[in-house]
Every structure is written in structure tokens, then in C-alpha cells.
Amino acid sequence: MKLSQTLIGVTTAAALLCGGVASAQSSDDLKDEVKKLKAEVEALKSRADEAEVKAKDAVVVGDIPGSFRIPGTDVSIRIYGFAELNYIHDFKGDNSDIDYATFAPYMPVNGAIDSARKNRDYLTARTSRLGVEAGTPTRYGVLGVKLEGDFNNEPRTGNTALYGTDGNIFTQQATSSYGFRVRHAYGQFGGLLAGMTWSTFMDVDNYPETVDYNGPIGNTFIRQPVIRYTYGTPDYGSFTVAAENSSSYVYDATGSTIVTSLSRMPDFVVRWDKGFQWGAMSVRGVTQELRFDDGAGTKAAQRGWGAGASALIKTWGRDFITVGLTYGDGIGRYLNYIEGAGYDAATGDILLERAIGVIAGYQWKQSDTLRFNLVYGMTRNFDNEYTDFINANGLGSVAAMDKFAINRSVQQAHLGFIYNPLKTVDVGVEGIWSSRKTLAGETGDGLRFNLSFKYYIN
């Protein structure tokens, strides 16, 4: 019942009561009091009706933490993001013509012209982020929608490089205006998610924290369109199956990527996750088709696969360890950064790259405002028909492939801290060492300093 209706009832009852008393006593004073009471209640009723109208349009706290409810609906909206500035100084091993962040697999090798570049530094705000998250109650549970993007997109080249072309320079000379790009765009309800987000093969929850945007080598780092379903159980963890966008390629004997995204089906991922008193664990598997088709009748196909396991282990206080292991034949981009396969025209076979990746990290949370991170990552190729093919055609050497020579191994280590002078401010400081060794035995190493200022919206 509305408040105004309640007031009318109270008014009527009061009027009848007082009226009866007035009649019995024949008192003019009591009649005047009744009139006054009616007038006051009518005024109160008017104010109550006005308050109810305003309440319908009022902004109230939503069901999602940090959200508000759209007036007149059940939709909760959360706007979030941050403004971020990164200062980078490369002492050696400059890879800024590939990516602004650390990217050790294509770092210059010792003796190459690019390796002579030392002590380059730059500032960029391109990783600043903006997102919207919405939730609506339904009979299947909450319908969630997420849209998120950042500005880490070079408008003239369409990549994340900072230098390397005239276009990269021109972008910075005037306004340093970088393009907005999609990071996440998906909806989910009842365990079903469809849209673009992190790959199901990537364990985001147990990923070690770094100031560096790309993080350690030796793990999965992919966002792509997915359709996935997760079934959660109270005792046995959650089970997930997914079909994801296929984007593979195959090298020929000249080092050209002759086949790009010719798979006849999506990539498939299965996954299991469970939380424990000691931490959390995830086990995953992926398979993808690697295919060659020249359109003239010559075809070849091979199925690549990969497996991964990762865990977060609590130690002392609020400290924890993160560890991860990834392995596969033809795992390709699901192990950052492995090429995947080569096509041998002499035999008509697609040869799969066999590789392993390892990551390990330790976070020491010294206080509510200060945490230290030590992180290491590594990838390594194993000898098989693929490496024989690469070496026979010189593709493991910078002489044939420049910086894109196929690697034997890549390593990376991060040491730094993040300080929170305010709850919504991060100040990160990190040193990064990286190293690569090609199949031909050429080596390169890098050393960089990364300072980050991050100011959160919500």
C-alpha cells in the first residue's frame, strides 16, 4: 500500500473519531481542530506523493559491487577503468619496434645492428583503460555483460609498436593519440559465455603480477572470441568446455607464413578449476588444426595440442606462490611465444613444433599499501622433425629471418614492487631481464626499467 493511501485512511479515521466526539459534545473548538488536522494530512499526502515520484527516478546502489541501478529498471551498471602512464628505459635489448612492453622472443641478438641501440627511453599512456559492466536478474541467474577497451593501438600501423616506422614517429610528434581497441566484449548467464575475452586456456586468476604490461614469457596470453560453458559443483570444482577462434599459421621453407587461419573448425579447450584451503589449481587442454591449402589441389593438415597446469599456493601471512607449466606439439600461440608448425613441401607434411613453458612467481605483501613481486618465465623448444626442418632451411638464424629467427629458448625475470599511497592509486617500479637463444645458437639479452602510475576510476 502506498504511503499516501495510508495517510488517507488515517485522516478518515481521525476525522470520524473527532467528529463523533464533536457531535457528542457539540463543541465548535473540536470541529476547528478536525479541519486543521485534515489540512495538515492533505499537505503531508501531497509531499508523500512527490517523494514517491522522485524515488522512482533516484539513483540507488546496484547489485554489482561499485555499481548503481538504472532508474526504473533492475539493471545494475558499473563504470570502471584507470588512467595509466608508463615510463620505460631500455638499457639494452630494445624491442620497441615490436611492442612498447617487453617482448623477448624477437629481441635483437648480439652483433646485430639493432643490438647497438642502448639507453632508449619513452613515456606512454596508451594502456589507460575504460570499461562498463552490467548485471540484470533473470530466472537463469544474473545476465552479465562486459565491454572493455584500452588505447594500446598504434593508429597508423594497427599494432602495439612504439618505433620501427615513420608512422610510429609521426603519431608521437603531434598528439600521441592512440586508437581505442576492444579488450573484452561478452555476455554470460547460466554458465554460458559468448563474446571476446581471455582464452579458456589462460589461467588469469593465478597469473603472476608484474608492472610490465605483457608479463612473463612461458605462459598463455590471449584474448579472442569464445563460446564456453562452465558447470560448477560445490565439492569437485568447475568444469569448462569452449570453442574458440582459430588463428594458426604454418611456415614454409623460406620462412614465409604461407598459411593463415585456414582451420576448418574452431579451437577446442577443456578445463578444470578448484579452490582449496591452501590456494587454487587449474588444469587445461587445447587442440587446434594446422592446415595448408594452396588452392590448386595441394593440401595438408595436422592437429596440434597442448596441456597446461597452474596453481596458487598460500605461504606465510598474505604471501603466495604462483606456478605454471605448459607443454604441447603444435601448441602455437597458446604458449607465448611459439610459432607452431612448418610445411615441408618435399614430403607434403606439416611438422609440429614441440615446446614447454614454465612460470613461477612469489608475492610478498609487506603491508596493505606495499607488495613485492619476483617472477620468472621460460620457454624451450625440443629437437624433432620441426627443428630439423627449421635448421636445414636456415630459419633458426638471424641471417635468414632477421629478428624473427626461430628460438631454442627464451627467458625473462621481473623484480619490482607496487605501492598504494591511496586505495585507487598504484605506483609500480620494476626491473626486467630477458634473454633469447636461437636454434642457430645466437644469443641476445635485454635489461629494462619500468615505472608506472595508475589512477583508478572505480
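Overall, the accessible surface of segment 365-427 at a probe of 1.4 angstrom is composed of carbon and sulfur to the extent of 57 percent. The local environment of Gly295, defined by Cβ-Cβ distances under 15 Å, has a net charge of 0 under the rule Lys, Arg +1 and Asp, Glu -1.
Here each label is just a point 7 Å from Cα along the line to Cβ, and for Asp32 and Asp402 those points are 10.1 nm apart.
Report, in deg cm²/dmol and to the nearest 500, the calculated mean residue ellipticity at 222 nm for the chain, where each DSSP H run with n ≥ 4 adds -39500 (n - 2.57) and the sum is divided by the residue count. Theoretical 222 nm ellipticity from helices: -5000 deg cm²/dmol. Between the helical axis of 3-25 and the longest alpha-carbon principal axis of the chain there is an angle of about 10 degrees. Which residues does the label zone of Ser177 cover in segment 130-163, counting backbone N under 20 Å from a point 7 Å along Cα→Cβ? Label zone hits: 130, 149-163. Using the Cβ-Cβ distance between Val204 and Glu42 with R0 = 41 Å, the FRET efficiency computed as 1/(1 + (r/R0)^6) comes to roughly 0.10.
Computed on the Cα trace of segment 377-458, the radius of gyration divided by the Kirkwood hydrodynamic radius gives Rg/Rh = 1.23.
Taking other residues whose beta carbon is less than 11 angstrom from the beta carbon of Asn393, and scoring Lys, Arg as +1 and Asp, Glu as -1, yields -3. At a probe radius of 1.4 angstrom, the accessible area of the chain per residue rounds to 49 square angstrom.
Seen from Asp63, the other residues with C-beta closer than 14 Å to its C-beta sum to a net charge of 0, counting Lys and Arg as +1 and Asp and Glu as -1.
Between 0 and 90 degrees, the angle of helix 28-56 with respect to the longest Cα principal axis of the chain falls at about 10 degrees. Once the C-beta distance of Thr443 and Val132 is scaled by a Förster radius of 41 Å, the resulting FRET efficiency is 0.35 to the nearest 0.05. A full extension of the chain between Asp349 and Val241 corresponds to an added length of 35.9 nm, given 0.36 nm per residue minus the alpha carbon distance.
A full extension of the chain between Phe68 and Leu192 corresponds to an added length of 42.2 nm, given 0.36 nm per residue minus the alpha carbon distance. Taking a label point 7 Å from the Cα of Ala301 along the Cα→Cβ vector, which residues of segment 316-348 have an amide N closer than 18 Å to it? Answer for segment 316-348: 330-331, 341-344, 348. So if R0 is 30 Å, what FRET efficiency would Trp364 and Leu422 give, r being the distance between their Cβ atoms, rounded to the nearest 0.05? Once rounded, the FRET efficiency stands at 0.90. The gain in end-to-end length when the Leu85 to Arg139 segment is fully stretched comes to 15.1 nm, 0.36 nm per residue minus the alpha carbon separation.
Sorted largest first by accessible area at a 1.4 angstrom probe radius, with every protein chain in place, the residues Glu42, Glu430, Glu385 fall in the order Glu385, Glu42, Glu430.
Placing a pseudo-label 7 Å from each Cα along the Cα-to-Cβ vector at Trp316 and Trp272 gives an inter-label distance of 3.4 nm. Given +1 at the Cβ of Lys and Arg, -1 at the Cβ of Asp and Glu and no other charges, the dipole of segment 282-341 around its Cα centre is 280 debye to the nearest 20. Across the chain, Cα-Cα pairs more than 38 Å apart make up 38 percent of the total.
The values are calculated or read from the model by the stated rules, or taken from the named source; none is laboratory data. Please read these numbers as outputs of a predicted model, since none were measured by experiment. With ideal geometry, Cβ positions are generated from the backbone for all residues, glycine too; neighbour counts draw on all protein chains shown. The protein model used for the area step is the full one, side chains on, heavy atoms only, and it has no ligands, DNA or RNA in it. Shrake-Rupley method; radii C 1.70, N 1.55, O 1.52, S 1.80 Å.
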